[in-house]
Amino acid sequence: PVSVKLENYTPYPFAIDNVSLDFSLEPEATRVRTRMQVRRLGPGEFVLDGVGLLLNSIKLNGDELSLEDYERDDETLRLRSVPDAFTFETEVVINPAANTALSGLYISGGRFCSQCEATGFRHITFWPDRPDVMSRFHVRMDADKARYPILLSNGTPGDSGDLPDGRHYAEWDDPHPKPSYLFALCAGDYDVWRDSFTTMNGDHVDLGVYVDKGQADRAQWAMESLKASMKWDEERFGRAYDLGVFNIVAVRDFNFGAMENKGLNIFNSAYVLANPESATDADFEAIESIVGHEYFHNWTGNRITCRDWFQLCLKEGLTVFRDQEFSSDLRSRPVQRIKDVMRLRGRQFAEDAGPLAHPVRPQSYGSIDNLYTATVYEKGAELIRALTVLIGDEAFNRGMQIYFDEFDGTASTIEDFYSCFEKASGRDLSQFRIWYAQAGTPEVTVDESWDEKKSTLTIKLTQKTPATPKQSEKKPVPIPLRAALLDGRGGHCTADGWENGETVIILDEAKKKVEVKLPEGAARPLLSINREFSAPVRIKRDLGTAQLLELASAETDPFNIWDNFQTLSKTEIFRLLDDPQSPPDAELVRAIADAVRHNESDPAFAALLTALPEIGELFQEREPVDPTGLNEARKRLRHALAETLMVDASRILSEPTPTPFAPNAEQAGIRALRTAMIGLTGALGTQDAARQLKSLFDQAANMTEKLACLRSLIPIESMERDEAIEAFYADWKDNPLVIDKWFAVQAGQGKAADAERLSQHPDFDLSNPNRVRSVAAAFAMTNLAEFHAPDGSGHKVIGDIIEEADKRNPALAARLLTSFEQWKKLEPVAKASAKATLERLRDGGLSKNAMDIVARALD
Ligand code: B3K
Ligand code: ZN
């Protein structure tokens, strides 16, 4: 497979200052006329991207070109010689109704919508489809007025009016130069939830959330989230919105979460629509965070965009960092941090440890769609966070302002971005940038010794990044570790250079020794390290259970309190795996239960304490790994925890759930603890538990608890389970987002046969990514023991779905294929089955996107 290389970047030799697009919308034959003003910047041919376009005409300075004037292949249009300044016009015809890949202009629910990042625009018209060509877009479209009464594009509306034959037209103008990947068009019949916002500069902005007919009230939370985002970016980063209109359109068929098109964000309806009856707290939280994320892109992504796709983390890592901060400010910072780290460890650490590992800024890629990874997003965000620890908040904030001032209106690079923080901090950050070039998760070993006589604690730190594909040699990176000296009584010990007993240790060499002198006669302090998870590393510390329990009770950082229990649980699960006859450690179980009780006043945090590490995380610590055995071991520990907490669970669940429902953090926290108790009840696995869960299911006043009951019931074979599955479907069959959840809980908790059965269900729909993911991703990415079952049944069912999905939607299939990323670690039987499945897929013929993943996985 051919790959694109960062080192081959060359600037585009032309500027296109202005472009007019004229769409005549028809589902099967949309005519697109493009007229651009072109100006030469340097030597080179005039080459445009264009894929699947039926070309009607080309004009240069008004003159029609003939076949010998240009060259065309499947992907480009090339003119060898052109004047230094000219007008270029094309007319093409495209077929949105046949666009099942959902990239470019397509139809969802009978309405037109578009998705252009990264390379969708070339499916709409001929254009230099690369992020460093920025133009002012003027859009005109016409369509049948009855079927498509609302016509939307980027920027602000201009002229509109009626046309003969029941058609009408509208114009949109976007004054901000932008790359083609931010272009958007939507046309159809929608209901709108409207509101407005006044910026800190006093500018009025009309806001609209466009949804399916009859669902306007379900757009309210997205609107609240949008206004909160606009306000937060003003307060935290001094960034105001820059157009008179901001619209969000919800579509059912969408390849990922949402898209930050200038002034016209397009969202997967799963991240827009919510009401108290049908949405869970996780839904409300995700909507808030994704609306924020896309809005924050207006400054980090749109006004300052990427020079090329290698710089993707420049907008994505930074914008994830911004949305995490937004959620932390709106909700609970420690709880947010724990959730972000769970996601990082579950997805990014796994990616970093397998055949798909790549640097946050890679040197090459095979298929750009496959670069939208946990590494670019989540590790990219962690690097920004580590930077804030390294240079301090003040220098970081100054650096951000320099970035906004200096690079506004440009297509930038990681080097540009870091130059701002070098200016702000006065430090050389070249070593920090190694983080961007090196794949793999650094492992930090922490070794302490205490010299009683000298009252000195010696901390020995070493770092090592494991080899990753095509990168065997690794350099040390600067690792900022927040640290504290704990006194064991809930406070800190003071020492030289440790203000309030806290400091940041920068481990920037392979080895480092830190000596901490405490006052004479001081008792040995306990070391708390990587507080708040200040650096995205794995910490290795040779501490026994007793020492870890002591540390957990002395901790003052909520993140580390949680993390100590994670470490303890991990060790215990591995012990149970190796010794299947031995009972779970009663002392550990009691300690977790006590911590849960102790933190009941912060129920969201207490709920997280009940969560044992997921199989996906445990996977990373063993090779070869036996997922079935791991799952059994984990279940035994969970069962013991459930028994210990049952009295508490009964008490907590007998209290009334908060009413009236509000999606705020406070109520969500209470429901999170209730949900955790529902989960533990399910972990008992008895018929009695099934009866209890069914009665909670019947009474549940909100979707969070109802779904938790259903999820917990699924693994317990019982009449109650079957009734709940049926009742839930009957109640919600007309709401596709809720039915997605119904599919997902069954696939996520069931066997391969269940996933197979669900994929044959009449409501399973290969052309809808949400529905496909609700079975395939829920099974393959959250139900690892069943997916990797040694008989190969899990691999087969997912392989079959991927094979079918790939024929229509390569981006979707490629994403699902990443579920195989850990196959090389599997025990021999499951490993052979995974390999055979990948080979079968490869040999059967795959799309370029899917082949890119399979080839790298098998390499
Ligand atoms: N920028 C888009 C992701 C586009 C994915 C293209 N394959 C959404 C986001 O990250 O905000
Ligand atoms: Zn993004």
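The values are calculated or read from the model by the stated rules, or taken from the named source; none is laboratory data. Just so it is clear, the structure is predicted and the values come from calculations on it, not from any experiment. Neighbour counts are summed over all protein chains in view; Cβ atoms, including those assigned to glycine, are modelled from backbone coordinates with ideal geometry.
Counting only residues that are in contact with a strand residue (DSSP E or B) (Cβ under 9 Å, 6 or more places away or on another chain) and in a helix (DSSP H, G or I), which one in the range 541-563 is surrounded by the most Cβ atoms within 10 Å (Cβ to Cβ)? So, considering only residues that are in contact with a strand residue (DSSP E or B) (Cβ under 9 Å, 6 or more places away or on another chain) and in a helix (DSSP H, G or I), the one surrounded by the most Cβ atoms within 10 Å (Cβ to Cβ) is Asn560. Screening the range 288-300 for residues that are within 25 Å of Ser367 (Cβ to Cβ) and either away from ligand 1 (no atom under 13 Å from the Cβ) or within 16 Å of the chain's Cα centre (by Cα) (or both) and picking the one that is surrounded by the fewest Cβ atoms within 10 Å (Cβ to Cβ) gives Ile290. Among the candidates Tyr106, Tyr169, the residue that is part of a strand (DSSP E or B) and in contact with a helix residue (DSSP H, G or I) (Cβ under 8 Å, 6 or more places away or on another chain) is uniquely Tyr106. If you go through the range 481-491 and pick out every residue that is buried (at least 20 other Cβ atoms within 10 Å of the Cβ) and in contact with an Asp or Glu (Cβ under 9 Å, 6 or more places away or on another chain), you end up with 5.
Pick from Ala274, Ala250: which is more than 16 Å from ligand 2 (Cβ to nearest atom), touching a Ser or Thr at 6+ places or on another chain (Cβ under 6 Å) and at pLDDT 95 or above? So the residue among Ala274, Ala250 that is more than 16 Å from ligand 2 (Cβ to nearest atom), touching a Ser or Thr at 6+ places or on another chain (Cβ under 6 Å) and at pLDDT 95 or above is Ala250.
Would you check if Gly208 is at pLDDT 95 or above and assigned to a loop (DSSP other than H, G, I, E, B)? So Gly208 fails the test.
Only residues that are in contact with an Asp or Glu (Cβ under 6 Å, 6 or more places away or on another chain) and farther than 20 Å from Tyr372 by Cα were counted in the range 77-125, giving 5. May I ask you to verify whether Glu325 is outside the structural domain of Arg674 (by TED's automatic domain parsing), buried (at least 22 other Cβ atoms within 10 Å of the Cβ), among the acidic types (Asp, Glu) and under 22 Å from Glu378 (Cα atoms)? Spelling it out, it is not the case that Glu325 is outside the structural domain of Arg674 (by TED's automatic domain parsing), buried (at least 22 other Cβ atoms within 10 Å of the Cβ), among the acidic types (Asp, Glu) and under 22 Å from Glu378 (Cα atoms). Taken as a whole, the range 282-303 holds no residue that is within 16 Å of ligand 2 (Cβ to nearest atom), touching a residue at least 24 places away in the same chain (Cβ under 8 Å), over 18 Å from Ala228 (Cβ atoms) and assigned to a helix (DSSP H, G or I).
Within the range 765-797, the set of residues being surrounded by fewer than 18 Cβ atoms within 10 Å (Cβ to Cβ) and without any contact (Cβ under 8 Å) to a residue 40 or more places away in the chain comprises Asp765 only.
So that you can scan it fast, the table gives a plain yes or no per residue for (1) assigned by TED's automatic domain parsing to the domain that holds Ile670; (2) without any contact (Cβ under 8 Å) to a residue 40 or more places away in the chain; (3) more than 13 Å from Thr681 (Cβ to Cβ):
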position	(1), (2), (3)
Met703	no, no, yes
Lys706	no, yes, yes
Arg711	no, yes, no
Ile716	no, yes, no
Met719	no, yes, yes
Ile725	no, yes, yes
Ile739	no, yes, yes
Ala744	no, yes, yes
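Do we find a residue being touching a Pro at 6+ places or on another chain (Cβ under 8 Å), within 19 Å of Glu382 (Cα to Cα) and either touching a residue at least 12 places away in the same chain (Cβ under 8 Å) or not assigned by TED's automatic domain parsing to the domain that holds Phe310 (or both) anywhere in the range 423-431? Within the range 423-431, one or more residues are touching a Pro at 6+ places or on another chain (Cβ under 8 Å), within 19 Å of Glu382 (Cα to Cα) and either touching a residue at least 12 places away in the same chain (Cβ under 8 Å) or not assigned by TED's automatic domain parsing to the domain that holds Phe310 (or both).
Would you mind stating whether Glu448 is assigned to a helix (DSSP H, G or I), of a type in the set (D, E, K, R), surrounded by fewer than 20 Cβ atoms within 10 Å (Cβ to Cβ) and away from ligand 1 (no atom under 16 Å from the Cβ)? No: the conditions fail for Glu448. Please find, within the range 238-250, the residue that is nearest to ligand 1 (Cβ to nearest atom) out of those that are touching a Phe, Trp or Tyr at 6+ places or on another chain (Cβ under 7 Å) and touching a residue at least 60 places away in the same chain (Cβ under 8 Å). Ranking the candidates gives Val249 first.
For every residue, the table says whether it meets (1) within 24 Å of Glu294 (Cα to Cα); (2) under 31 Å from the mean Cα position of the chain (by Cα); (3) assigned by TED's automatic domain parsing to the domain that holds Ala15.
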site: Gly120; (1), (2), (3): yes, yes, yes
site: His123; (1), (2), (3): yes, yes, yes
site: Trp127; (1), (2), (3): no, yes, yes
site: Ala146; (1), (2), (3): no, no, yes
site: Ser153; (1), (2), (3): yes, yes, yes
site: Tyr169; (1), (2), (3): no, no, yes
site: Asp174; (1), (2), (3): yes, yes, yes
site: Lys178; (1), (2), (3): yes, yes, yes
